[in-house]
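Beneath this line is the structure, given in structure tokens, with notes to follow.
Every number here is computed from the coordinates shown, using simple stated rules; none is lab data. This is a predicted model, so every value here is computed, not measured. Backbone-built Cβ (ideal geometry, glycine too); neighbour counts: all protein chains shown.
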């Protein structure tokens, strides 16, 4: 924990992850006589070499989740359309046999194209049910993701005097140079004061 004149801040690795990116739990206590804002814009992350590591806002993460769900829904719809087209096509039936004629037995083969509307309707019904189920699963997954983000991700909030507030910030994957110390320096600017922390992390 970092304690200064106008407040205290604590930063620790969080169990919350998003798209395999690490999370940091940030909590601040306002020990001044004036309100102070705390949000992802107050959190700055750097590698040991001084490179900036991005910190994502709730809005950015929500857009990513929606985009991923939209692509998944598109893939399901495309697959459903292909299956529906296949089900609507006629079936080719090959017939083989033999017949006796003036020159004895001879074999023959025949090819017939058959369209069975009942089978096509059944196939389309099954395909539509599968498509609807997959769409529902995608929608449920998106809602669960957004709900989880909303309950945990740090969003800009005014911390009243004597009050505390916190949440999780998701940071980008750090890239370390050869031989560079695999550490992150985290600076939280709160109430006009900078609180610094350092964490060892694995290579990306």
message: Need one number: nm distance between label points at residue 20 and residue 41, each 7 Å from Cα along Cα→Cβ, rounded to one decimal.
response: 3.2
Residue 199 paired with residue 164, simple spin-label distance in nm, labels 7 Å along Cα-to-beta-carbon: 1.8
- prompt: Say each of residue 52 and residue 5 gets a label point 7 Å from the Cα, pointing the same way as Cα to Cβ; how far apart are those two points in nm?
  reply: 2.8
